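Peer 1: Handing you this structure, nothing more for now.
The values are calculated or read from the model by the stated rules, or taken from the named source; none is laboratory data. Keep in mind it's a predicted model, so treat the numbers as computed, not measured. All Cβ positions, even for glycine, are placed from backbone atoms using ideal geometry, and neighbour counts span all protein chains on display. Heavy atoms of the whole protein, side chains included, go into the accessibility calculation; ligands, DNA and RNA do not. Shrake-Rupley method; radii C 1.70, N 1.55, O 1.52, S 1.80 Å.
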Amino acid sequence: MAEVPEVETLVRDLQQAVVGRRFTGAEVLVPSAVRFPRARELSERLAGRRVLSARRRAKFMLLTLDDGQVLALHLMLWGNLGLRPFSVVKPEDTLVVFGLEGGEELVFSDTLGYARVALAPAEELAERLKLNELGPEALADDFSPEVLARQLHRRRGPLKTVLLNQRVFAGLGNRDADESLWSAGLHPRRVAGSLSPLELLRLYEGILEVLDEGVRLRGTQRDLFGVQGGARHHRNVFGRTGEACPRCGDRVRAGKLGGRNTHWCPTCQPERDTAQATLPMGEPHPPPLPSD
């Protein structure tokens, strides 16, 4: 599953292997994979353009080109991106192939066919993809317990649903949200704005722990060079329905929350406060966080 650690790994690989090189064009095998411009225009607009930088915003990979355009790649659930020598034969699930100078190509693929490409000048791309409406990045240097408190303050929705709202937090995915909540000992249905200062601190630490581990182990998928990442897709609770919780031994439970598969430990993440939790009324600011 392509979440922040997987995308961050690919972006770091792109910085190493693709930044500074020129595209020779693009071959679109599945036209619906190109959001904009029209699929037949993609190759012409990319040909000869040099990649100046690669960065991640939420789960978007953003390649800035020397003419001011930005190429955006989104893997959705199971997409991938691979760098390999040019070959006439393409993998069966290939959506778009980007030619690079030097006889190599970037193969953009997805077994489900949901992954998408977009190309436009920077401001237009940001507007059309609503990049400016995204929330703070958990991997950003300025992400802090105070930022987390501010983003959750007075929100009455279930905690997990709020964490997956890209306007609240950019890029936190289903798997990593489950794991972060398990690490923090918080039930997914807890009212987001009802967390105490200590709970906010635990959640902050849990999010960083989960994401840092995933990035350090280079995600769960293959990287740009085809090497399998070392992170486990099924971790402490995610995807482990009915198995023993590694912390307390109780059976991991699963259900739907906001249409998303959700996993938790009923002992480590007690539900007793989810229905009773209420938000303080009239507070102008989030509660102060505990000091070190």
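Peer 1: Could you please find all residues in the stretch 154-165 being open to solvent by less than 10 Å² (accessible area, probe 1.4 Å) and closer than 20 Å to Ala140 by Cα?
Peer 2: Within the stretch 154-165, the subset open to solvent by less than 10 Å² (accessible area, probe 1.4 Å) is 159-160, 163.
Selection gives Leu163 alone.
Peer 1: A further question follows. Just give me the residues in the stretch 140-152 being touching a helix residue (DSSP H, G or I) at 6+ places or on another chain (Cβ under 6 Å) and either surrounded by fewer than 19 Cβ atoms within 10 Å (Cβ to Cβ) or acidic (Asp, Glu) (or both), in sequence order. Before the answer, list the steps.
Peer 2: Let us first name the residues in the stretch 140-152 that are touching a helix residue (DSSP H, G or I) at 6+ places or on another chain (Cβ under 6 Å), namely 145, 148-149, 152.
Hit for the stretch 140-152 is Pro145, nothing else.
Peer 1: Also, I was wondering about something else. Might you check whether a residue that is out of contact with any strand residue (DSSP E or B) (no Cβ under 6 Å at 6 or more places or on another chain), touching a residue at least 24 places away in the same chain (Cβ under 8 Å), open to solvent by 60 Å² or more (accessible area, probe 1.4 Å) and farther than 30 Å from Gln15 by Cβ occurs anywhere in the stretch 187-203?
Peer 2: So far as the stretch 187-203 goes, yes, one or more of its residues are out of contact with any strand residue (DSSP E or B) (no Cβ under 6 Å at 6 or more places or on another chain), touching a residue at least 24 places away in the same chain (Cβ under 8 Å), open to solvent by 60 Å² or more (accessible area, probe 1.4 Å) and farther than 30 Å from Gln15 by Cβ.
Peer 1: Have a look at Ala149, Ala192, Ala120 and point out the one that is under 25 Å from Leu46 (Cα atoms) and among the hydrophobic types (A, V, I, L, M, F, W, C). Break it down into steps so the answer makes sense when it comes.
Peer 2: Working: Ala149 fails: under 25 Å from Leu46 (Cα atoms); Ala192 fails: under 25 Å from Leu46 (Cα atoms).
The conditions single out Ala120.
Conditions tested, residue by residue: (1) of a type outside the set (Gly, Ala, Ser); (2) more than 20 Å from Ala17 (Cα to Cα).
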| site | (1), (2) |
| --- | --- |
| Met76 | yes, yes |
| Gly82 | no, no |
| Val96 | yes, no |
| Leu106 | yes, no |
| Ala126 | no, yes |
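Peer 1: Quick check, is Lys90 within 17 Å of the chain's Cα centre (by Cα), among the basic types (Lys, Arg) and surrounded by fewer than 20 Cβ atoms within 10 Å (Cβ to Cβ)?
Peer 2: Values: within 17 Å of the chain's Cα centre (by Cα): no; among the basic types (Lys, Arg): yes; surrounded by fewer than 20 Cβ atoms within 10 Å (Cβ to Cβ): yes.
Against the criterion (within 17 Å of the chain's Cα centre (by Cα), among the basic types (Lys, Arg) and surrounded by fewer than 20 Cβ atoms within 10 Å (Cβ to Cβ)), Lys90 does not qualify.
Peer 1: Just a yes or no: is a residue in the stretch 117-127 in contact with a Lys or Arg (Cβ under 6 Å, 6 or more places away or on another chain) and not in a strand (DSSP E or B)?
Peer 2: no
Peer 1: Here's a follow-up. Residues that are open to solvent by 30 Å² or more (accessible area, probe 1.4 Å): which strands (runs of 3 or more DSSP E) entirely in the stretch 1-68 hold 3 or more of them?
Peer 2: Details: elements: 23-28, 34-36, 51-57, 60-65.
Correct list: 23-28, 51-57.
Peer 1: Given the conditions (1) touching a residue at least 60 places away in the same chain (Cβ under 8 Å); (2) not in a loop (DSSP other than H, G, I, E, B); (3) not acidic (Asp, Glu), report the number of the one that Val147 does not fulfil.
Peer 2: (1)
Peer 1: Going by the conditions given, is Gly219 in a loop (DSSP other than H, G, I, E, B) and outside the structural domain of Lys59 (by the TED database)? Before the answer, list the steps.
Peer 2: Working: in a loop (DSSP other than H, G, I, E, B): yes; outside the structural domain of Lys59 (by the TED database): yes.
Yes.
Peer 1: Does the stretch 210-219 contain at least one residue that is exposed (fewer than 14 other Cβ atoms within 10 Å of the Cβ) and β-branched (Val, Ile, Thr)?
Peer 2: From the stretch 210-219, those exposed (fewer than 14 other Cβ atoms within 10 Å of the Cβ) are 212, 216; that's our starting set.
Add one more test, that the residue is β-branched (Val, Ile, Thr), and what stays is none.
No - not one qualifying residue is present in the stretch 210-219.
Peer 1: Among residues belonging to the stretch 166-186 that are at pLDDT below 95 and more than 20 Å from Thr220 (Cα to Cα), point out the one that is most open to solvent (accessible area, probe 1.4 Å).
Peer 2: Filtering first and then ranking leaves Arg167.
Peer 1: Ok, one more. Which of the residues that make up the stretch 80-109 are touching a residue at least 60 places away in the same chain (Cβ under 8 Å) and either in a helix (DSSP H, G or I) or of a type in the set (D, E, K, R) (or both)? Talk me through it step by step, then tell me what you get.
Peer 2: Pass one, the stretch 80-109, residues touching a residue at least 60 places away in the same chain (Cβ under 8 Å): 80-84, 90, 94-102, 106, 108.
Those that are touching a residue at least 60 places away in the same chain (Cβ under 8 Å) and either in a helix (DSSP H, G or I) or of a type in the set (D, E, K, R) (or both): Arg84, Lys90, Glu101.
Peer 1: Another question, then. If a residue has to be loosely packed, with under 13 Cβ neighbours inside 10 Å, of a type in the set (A, V, I, L, M), at pLDDT below 95 and in the same structural domain as Gly157 (by the TED database) to count, how many in the stretch 230-276 make the cut?
Peer 2: 0
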